[in-house]
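Presented below is the structure to which this report refers.
Just so you know, all these numbers are worked out from the coordinates, no wet-lab data involved. Please read all numbers here as calculations on a predicted model, not as lab measurements. Every residue, glycine as well, gets a Cβ built from its backbone with ideal geometry; the counts of neighbours run over all protein chains shown.
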Amino acid sequence: MKTVVIGGGASGIIGALKASEHDEVIILEKNDKLGKKLLLTGNGHCNYWHQNIDVSAYETDSKEVLTNILTPVNINKVFNYLLSIGIYPKEKEGLLYPYSNQAYSFREVLEQNIQKNHIKVIYNAYVKDIKKEDNKFIISFNEETLTCDKVIISTGSKAYPKTGSTGDFYPILANLGHKLNPVYPALTSLKCQGDFMNIWSGIRTEARVSIYVQDKLKKEEVGEVQLTDYGISGVCVFNLSSIASAHLSENVKIKLNFLPYVKDFSSWLLQRSNLLPNYTLEEIFESVFSYKLNSIFFHQAKINPKAYYKSLTTSEIKALENAITNFTLDIIDTGDFAKAQVCKGGISLMDINPLTMESKVISNLYITGELLDVNGICGGYNLAFAFISGFIAGDYHA
Ligand SMILES: Cc1cc2nc3c(=O)[nH]c(=O)nc-3n(C[C@H](O)[C@H](O)[C@H](O)COP(=O)(O)OP(=O)(O)OC[C@H]3O[C@@H](n4cnc5c(N)ncnc54)[C@H](O)[C@@H]3O)c2cc1C
């Protein structure tokens, strides 16, 4: 049996390694290296797994199919498989990295195994099309063709295209009869409207970030937010970004609570002013937020920062509370595909057999990784899905 894996990223490499246990395997990779995107992951540290992989960390068009892919058995099998090929993990708050802390060494381990398993890799092979004739696949790349019995398509999404993932197989698989769900940038920053952004640019602070579409709360996250000259960024913003990109035309707002652990703002402020009776408001807030952020809050609340707490009216206290705990931003755009870490949408999971990752439309054709309509939050979930789906596809043989 001859298997061709199209795309030598996270998912395709694991698929090829497993398939090589029973088939002759060739990887066709567009770049002159394998796993170019892997090198960028986790800021170069490669957060490749999460201790608690669960369907709730993902968006997809079929939670049912995803549940049947991410079974506890499959999760354990693939985790142990990565150990068995040489990945030595280090855990930090549930997130797993290679002990070396280097994405480069993670990719080297995969490369070593490609060589040990005698897998042929054809580099600079840009696959343009596939056809199926008489139970064989004919794969066209560059000016050549290759024939095989089984094909695993692991070409990724169109996020971060400079890594080679340019969404080439969305139209090819759609033309072959697969359902393609709309594709949006995800795990990306948000662009906002406002004249205060060049003041707050560069600040990192803790906040509860809540996203609203048509005034309905969709999701919230608490964590570090990076305030930038165009809007907001950081892990918890990334985790909400797919909602913004899918609903951009529908009045998307973000509300920031810069005191996420304070239950009652007015009692909190009263307590602080009792503790610091001779302090002005700006002095009371001096060590709470950065100077620049305080100036934005006082400006928004129309309060003189030199005023004392006892001179504030109830409505001024409310205005300050609103500025600090309910800071509302109109979202005008998200980061684009060029900088997004993943894509929301893709080839429908409804077209996939979760036991094998085989297409339900074309037999012996397998689809894995981010090309599918599965995207996870930050924390190692996306690479884990790429590995698990690649493993299942490579492992299966009739
Ligand atoms: C900056 C950044 C940081 C990230 N950090 C993390 C993280 O820390 N943890 C995490 O879990 N996820 C992270 N991700 C997401 C993760 O990298 C992806 O979800 C994962 O790589 C998807 O794997 P894949 O194999 O499906 O696709 P890819 O890794 O994108 O691989 C697809 C491969 O197919 C090749 N290809 C494409 N088209 C063709 C063609 N026509 N012919 C031949 N070859 C082709 C490409 O060149 C590429 O090598 C990050 C992503 C980015 C961009």
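For region 117-133, filtered to residues that are within 21 Å of G35 (Cβ to Cβ) and among the aliphatic types (A, V, I, L, M), the residue that is surrounded by the fewest Cβ atoms within 10 Å (Cβ to Cβ) is I122.
Counted as qualifying within region 161-246 are the strands (runs of 3 or more DSSP E) with 1 or more residues that are of a type in the set (D, E, K, R), namely 190-192, 204-213, 216-227.
Condition first: more than 30 Å from K128 (Cα to Cα) and either touching a helix residue (DSSP H, G or I) at 6+ places or on another chain (Cβ under 9 Å) or surrounded by fewer than 17 Cβ atoms within 10 Å (Cβ to Cβ) (or both). Can you find one or more residues in region 178-191 that meet it? Give the derivation first.
Just the residues of region 178-191 that are more than 30 Å from K128 (Cα to Cα), to begin with: 189-191.
Adding the requirement that they be either touching a helix residue (DSSP H, G or I) at 6+ places or on another chain (Cβ under 9 Å) or surrounded by fewer than 17 Cβ atoms within 10 Å (Cβ to Cβ) (or both) leaves 189-190.
Yes, region 178-191 contains a residue that is more than 30 Å from K128 (Cα to Cα) and either touching a helix residue (DSSP H, G or I) at 6+ places or on another chain (Cβ under 9 Å) or surrounded by fewer than 17 Cβ atoms within 10 Å (Cβ to Cβ) (or both).
Against the conditions (1) among the basic types (K, R); (2) over 30 Å from L83 (Cα atoms); (3) in contact with a Phe, Trp or Tyr (Cβ under 7 Å, 6 or more places away or on another chain), K158 satisfies every one except (2).
Every residue, every condition in (1) touching a Leu at 6+ places or on another chain (Cβ under 6 Å); (2) surrounded by 15 or more Cβ atoms within 10 Å (Cβ to Cβ); (3) of a type in the set (S, T, N, Q), yes or no:
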residue: N68; (1), (2), (3): no, yes, yes
residue: Y81; (1), (2), (3): no, yes, no
residue: L95; (1), (2), (3): no, yes, no
residue: S100; (1), (2), (3): no, yes, yes
residue: Q112; (1), (2), (3): no, no, yes
residue: N135; (1), (2), (3): no, no, yes
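Filtered by the rule that a residue be more than 20 Å from D351 (Cβ to Cβ), out of contact with any Pro (no Cβ under 8 Å at 6 or more places or on another chain) and among the small types (G, A, S), region 126-164 gives S140, G164.
Among the residues of region 42-64, just one is β-branched (V, I, T) and either surrounded by fewer than 20 Cβ atoms within 10 Å (Cβ to Cβ) or within 17 Å of T166 (Cα to Cα) (or both), namely V55.
The residue that is surrounded by the fewest Cβ atoms within 10 Å (Cβ to Cβ), among those in region 8-29 that are more than 6 Å from the ligand (Cβ to nearest atom) and part of a strand (DSSP E or B), is E24. Considering region 30-147, the qualifying helices (runs of 4 or more DSSP H), each wholly inside and each with 1 or more residues that are more than 15 Å from the ligand (Cβ to nearest atom) and of a type in the set (S, T, Y), run over 63-69, 72-84.
Just one residue in the set K339, K344 is within 16 Å of the ligand (Cβ to nearest atom) and out of contact with any strand residue (DSSP E or B) (no Cβ under 6 Å at 6 or more places or on another chain); that residue is K339.
In region 346-363, what residues are crowded, with 19+ Cβ neighbours inside 10 Å and not acidic (D, E)? Matches in region 346-363: G346, I347, S348, L349, I352, P354, M357, S359.
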